[in-house]
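Contents: one structure, followed by commentary.
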Amino acid sequence: MPFPQFNQLNDELCAYVLSFASSAPFEVAELRPSGTLTHEFPLLSKRIRNIVRSSNTLWKEALIRLCIKETDIWKSAVMSIVLSRSAAAASRGPIIMQHQQETDEAEKSPLDALNATKELVEKACNVVRDAPANEYQFEGALTIPERVFRYIVSCHLRFSAPAFIMPGEAIRGQEIILHFFEPRYRLLIREVMEGYTTDQEGNLSVVGGNEELRPYPSFVYACHGTLAPRSPACIVELRRCIILPDGRADVMLVPCAHVYIETVNERPNSGGLFDVRSIRMGKMATEVVETGMQRHRRNWINNQTGMGEENYWVEGGTVNGRRVRGSIHAIMAFLDARPGGGGEAAHLHGGNFGGPPQGGNFGNFGDQPEGGNFGP
């Protein structure tokens, strides 16, 4: 027992006392799917177990702490629950902007930020409480805040998708242009593009048949070249896609979040396509990963002969007057700049998006890529 008089308190006060020592899954450590609310408090006594299972306070306080700690993950997920019932999809964009303005106005001080977060969590709980019986349902008798928590974990914190594997640089918001030619990645593109349409330039339409905005198709990019539990990767959105008649595809990807790999499963009869379940990184871990990528970025710098030299560790460079972001960019720029050249570059990056790719599909898990082994 926390102290001798604990049993003299009513259940509501006991819940508030326990909240000072409580932690939810993924709260203490990003890869730890357990906490005192699930793995310790229920074992202390029958009364504490019943309080944990029936009290709204403990899980609501956990949601508030996580929203403050990881705004991009938890607060955005709570906000999406609130907005899902706020208005019709036709006006969803302005509502998001208005809500953000209201939130920014309220968050001028730490106390105002805390109050705004509490209000947002309360609204999300109300949405879940009033939702149809087939929504936000999970196994077992759960409190409303715990159902909100489990929904965020299963539908936002975790992300399951096929994986594309290739060492490369992935910085959130920076475009990556690639040419997919391996059979397993032709299958990947065909799957994620199902239900989406594009214009002549390959730009995806995210407006559904009922004029409701949909998210861009996404999958996991194993930019560190490995797929294993706890290894880092990133989620990329497919913004532009031109699928050729033979299934090859020219794509433009935009990284939107870094993740840890949780599970890896090779799909049978897919030619080596892997399905993964991942969990989003927090803000601090994301900054560490991207800082490491930028620090070790190696660029080719122009010299008087026009040949690239890989002798300098710098943040940017040019090859024949073209800004490049890595050795593959430099190769593409050099081939395009040669008299009568450009054929090899066009073969490697497809030539449809007007610019060299970040890497192309050059070597995955020891495969021999088409057009020569440019991989490690």
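Quick note: the coordinates plus some simple rules give every number you see, no bench work behind them. Please read all numbers here as calculations on a predicted model, not as lab measurements.
Just want to confirm a number: the relative contact order over the range 1-63, from Cα pairs under 8 angstrom separated by 6+ residues, in percent. Present the calculation step by step, with values, prior to reporting the outcome.
Working: 57 pairs, mean separation 21.2, N = 63.
Rounded, it is 34 percent for the range 1-63.
With distances taken between every two different alpha-carbon atoms, the range 1-59 has a Kirkwood hydrodynamic radius of 11.7 Å.
Size descriptors for the range 132-249: radius of gyration and Dmax over Cα atoms are 17.3, 52 Å.
Set the bar at 19 Å for Cα to Cα. Now go through Lys69/Lys283; Lys46/Lys118; Lys69/Lys118 and name every pair that lies beyond it. Beyond 19 Å: Lys46/Lys118.
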